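The values are calculated or read from the model by the stated rules, or taken from the named source; none is laboratory data. No experiment lies behind these values; they were computed from the predicted model shown. Every residue, glycine as well, gets a Cβ built from its backbone with ideal geometry; the counts of neighbours run over all protein chains shown.
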Amino acid sequence: MPGRVRKRSPLKTPDRPYIALGLEGSANKLGAGIIRHAPDGSTSILSNVRHTYITPPGEGFQPRDTAQHHRDWAISVINDAVRTAGISLHDIDCICYTKGPGMGAPLVSVALVARTLSLLYNKPLIGVNHCVGHIEMGRQVTGAQIQLSFGNCLDRFARVINLSNDPSPGYNIEQEAKKGKRLISLPYTTKGMDVSLSGILTSTEAYTFDKRFRADGRAREGDTEDIITPQDLCFSLQETVFAMLVEITERAMAHIGSKEVLIVGGVGCNERLQEMMGVMARERGGNVFATDERFCIDNGIMIAQAGLLSYRMGYETPLTKSTCTQRFRTDEVHVAWRA
Amino acid sequence: MSSNSDSSWHTITMRIPFASQKHATIAKQVIEVDKELQPEVVKRVITVEDNLLVATFTTLTVRLARLTSNAFLENIDLVVRTIGEFGQDAERSQS
């Protein structure tokens with residue numbers, strides 16, 4: 001970390017190998033991952049298994065159906081993770097699960113399995129904040145500095161224009177955006193270190209009712225150049241939202257004197273965002289780090305990683321406190337393992 | 001299951017057999033962590049009798065009785081399947 005003296009980490013090097021199982025299911029992805037921290041300070045990912053609940057185009061994932069998906073797949077996903085890792089559940093030190101934020105019913109489904117395993121094998125439970133999981137994963141993979149995440153907005157627009165949810169709405173928006181030709185004006189709102197995404201979705205949606213909108217993306221007979229295609233909207237939405245993100249990231253970097261950006265979460269896979277952040281970071285003489293899609297998207301490993309760090313700091317979640325919470329801010333977490 | 005017609009409240013009792021008292025107790029502990037979402041209209045009592053998990057719900061309306069028992073059975077189903085899959089491996093003495 002340039003410009004600041006690195007403090008000594010409060011986390012002691014492990015005296016023996018520590019292994020954690022991580023279970024994640026706060027949204028439509030169910031993941032199980034097993035991670036090991038070795039005495040030499042190295043971290044290895046023993047397995048990382050995921051099953052995604054994919055809904056038809058135009059539909060989002062409903063809490064009830066998503067919970068049902070997680071219930072149906074939990075056992076086979078965990079079995080897969082354990083088998084791939086080549087260990088027994090007796091060998092693990094703790095069971096980490098996502099406490100929040102996310103959708104209530106899917107979170108609880110995964111927590112039920114985590115609790116049952118905890119009691120069967122007599123292993124401690126660790127409740128993990130989903131966002132901290134993303135950040136810790138990114139740090140482990142790249143060793144960088146700050147983060148920002150969002151994605152709901154893009155997903156919702158994908159639904160408006162009936163894009164496929166396979167493999168993910170965000171990915172399909174990115175592909176459509178590459179075919180966009182014109183930048184349509186959308187509300188651009190940044191307030192200090194926050195962005196406002198509320199008006200932008202409504203405005204983008206409103207363009208789909210515009211006289212000039214062509215849902216099939218083709219000009220009709222008698223059309224002038226002045227038409228709006230779904231591809232144009234994807235392009236404009238992406239450009240505007242990412243511009244806002246880049247702006248507040250730059251401001252945050254200026255505040256803390258950092259030159260490094262780490263992009264995490266599903267949107268972090270977007271190459272255009274990585275490119276825009278890259279330009280900004282280079283202009284400041286810094287770097288941008290992005291994790292690849294295996295670790296960008298929600299996964300069990302990130303929960304295992306963040307959970308194992310807490311466990312090694314002596315933190316456990318007692319069974320009776322192992323509830324879930326839909327709202328769980330990133331800054332509510334006491335990050336004991338960082339100086 | 002029985003419905004109590006004397007008062008406006010409805011009572012449902014479910015008895016779920018497990019392979020052992022230990023497993024029934026695990027299920028009780030796992031389920032009891034999450035509070036009922038509307039405690040003023042849904043009362044829940046879970047006990048273990050030998051290898052039976054006995055859950056009694058007292059609810060203000062029939063609709064709540066249905067919703068509550070559906071949700072409970074869905075959760076129990078998940079716990080039972082998890083125990084079914086991992087129970088034996090867990091009891092294997094640690095090598």
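Restricting region A:97-109 to residues that are under 15 Å from A:LYS321 (Cα atoms) and in contact with a Phe, Trp or Tyr (Cβ under 8 Å, 6 or more places away or on another chain) leaves a set whose member that is surrounded by the fewest Cβ atoms within 10 Å (Cβ to Cβ) is A:GLY100.
Those residues that are outside any loop (DSSP other than H, G, I, E, B), among the aliphatic types (A, V, I, L, M) and over 19 Å from A:ALA20 (Cβ atoms), I need them from region A:314-339; list them, please.
Residues satisfying the conditions do not exist here.
Taken together, the residues in region A:160-193 that are part of a loop (DSSP other than H, G, I, E, B) and aliphatic (A, V, I, L, M) amount to 6. Just a yes or no: is a residue in region A:279-290 at pLDDT 85 or above and in contact with a His (Cβ under 7 Å, 6 or more places away or on another chain)? Taking every residue of region A:279-290 in turn, none turns out to be at pLDDT 85 or above and in contact with a His (Cβ under 7 Å, 6 or more places away or on another chain). Checked against the criterion of being among the acidic types (Asp, Glu) and either closer than 26 Å to A:VAL279 by Cα or assigned by TED's automatic domain parsing to the domain that holds A:PRO57 (or both), the candidates A:GLU221, A:GLU239, A:GLU205, A:GLU225 yield just one match: A:GLU239.
For every residue, the table says whether it meets (1) under 28 Å from A:VAL288 (Cβ atoms); (2) at pLDDT below 85; (3) part of a strand (DSSP E or B); (4) among the acidic types (Asp, Glu).
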position: A:ARG4; (1), (2), (3), (4): yes, yes, no, no
position: A:ARG8; (1), (2), (3), (4): yes, yes, no, no
position: A:LEU21; (1), (2), (3), (4): no, no, yes, no
position: A:GLY31; (1), (2), (3), (4): yes, no, yes, no
position: A:ILE35; (1), (2), (3), (4): yes, no, yes, no
position: A:ARG50; (1), (2), (3), (4): yes, no, yes, no
position: A:GLY58; (1), (2), (3), (4): no, yes, no, no
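Within region B:73-90, the set of residues being farther than 28 Å from B:PHE57 by Cα and either more than 8 Å from chain A (Cβ to nearest Cβ) or not in a helix (DSSP H, G or I) (or both) comprises B:GLN88 only. Residues considered: B:THR59, B:THR82. Of these, the only one that is buried (at least 17 other Cβ atoms within 10 Å of the Cβ), more than 21 Å from A:THR323 (Cβ to Cβ) and over 13 Å from the mean Cα position of the chain (by Cα) is B:THR59.
Inspect region A:82-90 for any residue being out of contact with any Cys (no Cβ under 7 Å at 6 or more places or on another chain), at pLDDT 90 or above and crowded, with 23+ Cβ neighbours inside 10 Å and give the result as yes or no. Taking every residue of region A:82-90 in turn, at least one turns out to be out of contact with any Cys (no Cβ under 7 Å at 6 or more places or on another chain), at pLDDT 90 or above and crowded, with 23+ Cβ neighbours inside 10 Å. Is there a residue in region B:61-72 that is facing chain A (nearest Cβ under 8 Å), touching a His at 6+ places or on another chain (Cβ under 8 Å) and in a helix (DSSP H, G or I)? Checked region B:61-72: no residue is facing chain A (nearest Cβ under 8 Å), touching a His at 6+ places or on another chain (Cβ under 8 Å) and in a helix (DSSP H, G or I). Scan region A:99-124 residue by residue and report those that are more than 10 Å from chain B (Cβ to nearest Cβ) and closer than 18 Å to A:PHE328 by Cα. Within region A:99-124, A:LYS99, A:GLY100, A:PRO101, A:GLY102, A:MET103, A:PRO106, A:LEU107 meet the criteria.
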